[in-house]
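Everything below concerns the one structure shown next.
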Amino acid sequence: MSQDTTSIKQLPEAKPEEEKKPFSFFKFILYVSIPPIIIIVVLFVGGLILALTTDPSQTAPRIGMIRDIFIIILAFEFILVVLALVALILQVAKLIATVDDEIKPIVETTKETLETVKETAQFVGKNVTSPVISAQAFFAGLFAFIRDIGGIRRAIRRTKPKSPKGNNNGK
């Protein structure tokens, strides 16, 4: 038996899964905005060095070509922004339609439920609570009447007619 326990293979230890970092909007903005800023600064510094170190008549066509390329890039970006805006408008319209289709039935069902609750409360008030309150009031009055009758009888029993002699102390 001791050989059986030594021959059992041990399972490998479970490796802890890497913790996924939550999405950080600030990091996203940094990753998206820093590369274009670096490119713009490099191009500006390169153009400045080019303008200061070379003949302007040779540099002007090169800078004009770079300007034209930037205008084309900006036009493509404008087209992308317009397409993204159209997609956003379509998604908002779809969301409004979905909310309209989902919320209206829920509101109608809620109204029906509230109407049912109102009718149930009126029914219980009329057919259950009112008779119970009336019966309780009747029995409370009856017990008060019986108590008062008993009190009158006790009051009559306590008062004895006075003897003509006055006090019966034995004097």
| query | With a ≥ b ≥ c the root eigenvalues of the C-alpha gyration tensor of segment 34-151, is it rounded (a/c under 1.5), prolate (a/b larger than b/c) or oblate? | reply | prolate
| task | For THR129, put the label point 7 Å out on the Cα→Cβ axis and report which residues of segment 83-115 keep their amide N under 18 Å from it. | result | 114-115
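Quick note: the coordinates plus some simple rules give every number you see, no bench work behind them. Just so it is clear, the structure is predicted and the values come from calculations on it, not from any experiment. Here Cβ is always computed from backbone atoms with ideal geometry, including for glycine, and neighbour counts include all displayed protein chains.
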